[in-house]
1. With a 10 Å Cβ neighbour count serving as the proxy for reagent exposure, in which order, fewest first, do S146, S55 appear?
2. Kirkwood Rh and Cα-based Rg: tell me the resulting Rg over Rh for the chain, rounded to two decimals.
3. Using alpha-carbon pairs under 8 Å, 6+ residues apart, how would you state the relative contact order of the chain in percent?
4. K292: which lysines have alpha carbons under 16 Å from its alpha carbon, excluding same-chain residues fewer than 8 sequence positions away?
5. Of all beta bridges DSSP finds with both residues in the chain, what is the antiparallel percent, to the nearest 5?
6. What number, rounded to the nearest 500 deg cm²/dmol, is the helix-based mean residue ellipticity at 222 nm of the chain, given -39500 (n - 2.57) per DSSP H run of at least four residues and division by all its residues?
7. Among L318, P334, L300, pick out the residue whose Cα is farthest towards the positive end of the charge dipole of segment 286-338, where Lys and Arg carry +1 and Asp and Glu carry -1 on C-beta, about the Cα centre.
8. On a full-extension model of 0.36 nm per residue, what is the gain between S183 and L293, subtracting their alpha-carbon distance, rounded to one decimal in nm?
Amino acid sequence: MVTERIQRITAANHALLSFLPIWEEHRHKPYIADFAFGNPQEMVVEGFASALTSSTTPRSKNHYAYKFSEVESQRTVANHLLEWRGQTFDPEDIAMTPGAFGAIAIALGALVDGGDEVVYFDPPWFFYRSMILASGAIPVNVPVRSDDYDLDLERLARAITEKTRLLIVNTPHNPTGRIYPPSTLEGLADVLTDASEKFGKPIYLLSDEPYSKLVFSDAKFTSPAGYYPHTLISYSYGKILLTPGQRVGWLAWTPNMPDRETLRSAIFMAQIAGGWLFPSAVMQYSLAELDKLSIDLVELERKRDLLVTELQQAGYELQSPEGTFYLWVRSPDPDDGAFVERLAERGVLVLPGSTCASPGHFRISLTGTMEMIEQGLPVFQSAISSTAS
Ligand SMILES: Cc1ncc(COP(=O)(O)O)c(C=O)c1O
């Protein structure tokens, strides 16, 4: 009855679909410490709701007409990128999207044909594989290095074939928190340039950067876009504002992108054919105000430092993330699903690593409150002791 494609996508999400009932069962309990997803656990940042409210008042008869990428939104993003990253973008090379999700779907729609290969790194954000399958392309996964979670460029070079059309890199990386350094990005550009020359066609890079503002004070973010001209960047406001239920983001490329007029019109058509993948009128009118807001990054870093220190002392293996709001932890029980269920029974929700194709790990979202962390720490401590014994 349903397509083979959606059956393959469903199979690819088996681990996540198995975890959702556990999350549902526990997350409404009064004393649960919920670190499972990047969802808000407290009220939205001040200024968010008022920005949206003031944008609901119609200023013209076109206020609620069909929206493309509004010129004002594109300009807001271009100005912000210049100020933030020192990089010049032509506003017309910024497509406004329903979050990074929408931006990824559009990039796939514009650049990838059925049967093309799309490469991404493991552990991945859990929906890359599904979205690649949905585009009709073939997903090819390459593991990151196990010691420092940096990109394994030798393995990447071996995974690229004449069918490779697109590579997805996510920095800062969900779930490891790694930010790839300039030396890696130079090497990455070399691999892609060599392979593009070898196969006589450009391999595009989609740099998925929804966490690029969530960078801790001891780290620095660099975008691959400065290293490889055929790069598109996907971004979402849902992370820095912690409002993933209000969809707004963008897909952009620098003036170095070859043949960018063709790309512009292809992206525009992919937005329409993909199901009108533009943000709503209200989100676009609110953008200039939303652009000034952020969750409390000082508090986020405090949570990171406390959890990393306490978990390491308790015997957990984890590296301190450079960005994102996640901690990536080795599960003391190789059966991460079983360990996560034991934590859930004791009032703590985390995401099993199997959902990110990495059994034997789990992910903690730092969007949980400080109270949740204080409540959760003794649970983490007793869970590792009882697993070891
Ligand atoms: C790496 C990565 N890319 C894309 C997305 C999608 O972001 P959004 O839902 O804000 O569009 C997420 C969300 O978790 C993510 O972690």
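1. Values: S146 7, S55 21.
Going from least to most buried by this count: S146, S55.
2. Using Cα coordinates only, the ratio equals 0.96.
3. Numbers: 725 pairs, mean separation 95.5, N = 389.
The value is 25 percent.
4. K213, K239
5. If I count the DSSP bridges inside the chain, around 45 percent turn out antiparallel.
6. Per the formula, -13000 deg cm²/dmol.
7. Of the options given, the answer is L300.
8. The span from S183 to L293 would gain 36.4 nm if fully extended.
Bear in mind these aren't lab numbers, they're just calculated from the coordinates by the rules spelled out. Since the structure is predicted, the reported quantities are computational estimates derived from the model, not experimental observations. Neighbour counts are summed over all protein chains in view; Cβ atoms, including those assigned to glycine, are modelled from backbone coordinates with ideal geometry.
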